[in-house]
1. Just to verify a result, which residue in the stretch A:123-151, among those that are over 26 Å from residue A:19 (Cα atoms) and in contact (Cβ under 8 Å) with a residue 40 or more places away in the chain, is farthest from the other protein chains (Cβ to nearest Cβ)?
2. For the stretch B:143-171, which residues satisfy the criterion of being surrounded by fewer than 17 Cβ atoms within 10 Å (Cβ to Cβ) and either without any contact (Cβ under 8 Å) to a residue 12 or more places away in the chain or in contact with a helix residue (DSSP H, G or I) (Cβ under 9 Å, 6 or more places away or on another chain) (or both)?
3. Return the only residue of B:265, B:216 being assigned to a helix (DSSP H, G or I), exposed (fewer than 13 other Cβ atoms within 10 Å of the Cβ), assigned by TED's automatic domain parsing to the domain that holds residue B:366 and modelled with pLDDT of 85 or more.
4. Go through (1) under 29 Å from residue B:189 (Cα atoms); (2) more than 13 Å from the chain's Cα centre (by Cα); (3) within 14 Å of chain B (Cβ to nearest Cβ) and name the single condition residue A:110 misses.
5. Filter the stretch B:322-357 for residues that are loosely packed, with under 15 Cβ neighbours inside 10 Å and either closer than 19 Å to residue A:158 by Cβ or not assigned by TED's automatic domain parsing to the domain that holds residue B:259 (or both) and give the result.
6. In this structure, does residue B:366 turn out to be in contact with a helix residue (DSSP H, G or I) (Cβ under 6 Å, 6 or more places away or on another chain) and surrounded by fewer than 16 Cβ atoms within 10 Å (Cβ to Cβ)?
7. Being more than 19 Å from the chain's Cα centre (by Cα) and either within 15 Å of residue B:389 (Cα to Cα) or more than 10 Å from every other protein chain (Cβ to nearest Cβ) (or both) is the filter here; which residues of the stretch A:152-172 pass it?
8. Testing residue A:66 on (1) over 16 Å from the mean Cα position of the chain (by Cα); (2) closer than 22 Å to residue A:15 by Cβ; (3) away from chain B (no Cβ under 14 Å); (4) in contact (Cβ under 8 Å) with a residue 40 or more places away in the chain, one condition comes back false. Which one is that?
């Protein structure tokens with residue numbers, strides 16, 4: 001078939017966007033996975049690889065932005081199509097951020113010396129597993145468009161927040177025990193924060209997908225479980 | 001009809017000729033119609049014997065496969081198999097593929113489902129036509145780690161269809177990992193009791209050589225330590241076994257009422273020793289879920305054992321089974337509640353990690369290995385079930401297992 005129907009070319013363009021998003025998502029998942037593996041095993045080579053891989057995501061986001069703007073200009077999309085395109089722009093921005101956070105974790109590998117107890121690294125790994133599961137499920141929903149399965153995202157968000165709060169407390173304890181721990185533990189604290197933020201970006205993506213598919217905003221009862229703003233360890237309370 | 005079409009040029013020429021004769025000669029319509037019919041019949045006749053035999057051969061070849069439809073063939077393959085078209089949209093997947101990868105649906109884009117960079121490269125390569133067949137190693141880390149050797153190839157010649165076959169290699173990969181993990185964990189955790197035994201042996205051979213009272217006491221401690229090492233090895237082995245086979249055999253069912261009753265019976269002596277009464281609050285009716293009985297037995301045994309050990313001060317432990325409230329996912333919630341000191345909030349998200357202990361001393365005196373809840377979590381992941389923990393310091397703890405019904 002040589003003839004190209006105009007509408008089918010339009011479809012191809014939309015498909016290109018979602019395919020590109022999926023590729024970016026897969027790349028981001030892999031980066032975060034490897035960044036955490038590099039941190040846990042103190043693998044500097046792997047960390048360097050993750051840092052370089054971030055370029056691919058930056059490139060991907062630029063490409064999606066360009067394509068999306070060209071589609072809007074040429075096709076004047078309406079309704080679902082318009083939501084699809086605007087959604088693609090937003091999701092690609094979230095994925096690009098996830099990549100940045102992964103890269104930041106990888107950069108901090110150099111500052112951690114591995115003298116911290118194993119349980120801490122196991123905790124970080126468990127936190128990363130939660131965040132990555134959430135990201136994977138959200139991207140799976142993007143593929144299948146079954147938004148009724150999106151409720152789990154909030155469940156998971158609670159678990160991530162609780163885990164992060166617990167790690168935060170543990171890290172503070174180590175820092176109080178020995179001032180030499182402060183440098184590595186601060187870096188680990190940022191790593192934990194970055195991983196927790198990845199979960200937040202996954203939630204954002206879930207909301208965007210919900211909007212693309214239904215045209216409505218997701219009901220806004222997002223619970224806030226991060227309680228680290230209230231953590232004060234005894235001995236740290238400033239004397240008045 | 002096919003022959004008519006094939007001979008269309010001859011036929012057309014014939015018709016033109018007949019019509020020309022008709023108009024020029026002014027012959028009657030009664031001559032024209034039979035003449036045209038004759039031409040059509042001539043065109044229907046086989047053009048030559050060679051082509052005919054080729055047609056017959058193709059028909060036999062196609063017929064042999066068509067009788068075995070592609071779907072039956074796909075279903076007969078034990079490995080996950082997915083057939084897709086030139087736009088990477090899924091056309092067909094066999095039952096093994098549906099079981100291995102949730103959320104597949106015909107028409108769904110595979111590029112969106114398999115996002116890992118190497119899978120993207122594989123799909124791009126095969127769809128662009130640069131290679132006719134290719135294979136990569138693909139690892140899914142979550143929810144359970146699985147490794148596949150994925151091969152992609154075109155189906156037949158110019159059918160526009162492609163196929164992905166996933167060969168599960170998780171087992172080999174996991175055995176390697178298990179060995180490394182086992183050595184790391186076991187050596188770390190066995191070192192403490194070993195060091196203490198070695199110390200006591202030294203003392204027994206030296207200063208305490210002639211002190212029967214001390215000797216007895218030391219031997220008792222050594223016995224406790226060896227007991228702990230044995231328990232640790234048991235737990236590590238059962239955890240490793242669980243990690244070896246992350247999927248469940250489908251098709252078996254477990255009667256929760258009967259299973260939990262026997263767990264309570266087996267822990268009766270421990271409860272009595274600790275001065276605890278176990279209350280049962282079971283919902284009435286059919287309490288059956290898909291799952292493995294031995295594994296679920298271990299889940300409830302570990303949870304109830306913990307409740308008996310750490311909830312000693314509460315005087316009683318409640319075991320309840322209720323139908324889950326969640327309408328989207330029918331199932332049962334089994335709750336094991338104690339009224340002991342409870343668990344501080346910051347520990348709750350982490351107590352299912354290996355060797356995570358809220359209170360190391362207390363855990364040691366209670367003969368804990370630090371692996372019980374880790375085992376529980378592993379088994380529940382395999383059952384697609386969830387564990388939720390609610391506790392407040394001073395008010396006891398409630399461990400709820402949400403088991404999905406089929």
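1. A:124
2. Residues satisfying the conditions are B:143, B:144, B:145, B:153, B:155, B:156, B:157, B:158, B:159, B:161, B:171.
3. B:265
4. Every condition holds for residue A:110 apart from (3).
5. B:325, B:326, B:328, B:329, B:344
6. yes
7. A:166, A:171, A:172
8. Of the numbered conditions (1) over 16 Å from the mean Cα position of the chain (by Cα); (2) closer than 22 Å to residue A:15 by Cβ; (3) away from chain B (no Cβ under 14 Å); (4) in contact (Cβ under 8 Å) with a residue 40 or more places away in the chain, the odd one out for residue A:66 is (4).
The values are calculated or read from the model by the stated rules, or taken from the named source; none is laboratory data. Because the structure is a prediction, the values reported are computed rather than measured. Cβ sites come from the backbone with ideal geometry, for glycine too, and all protein chains shown count toward neighbours.
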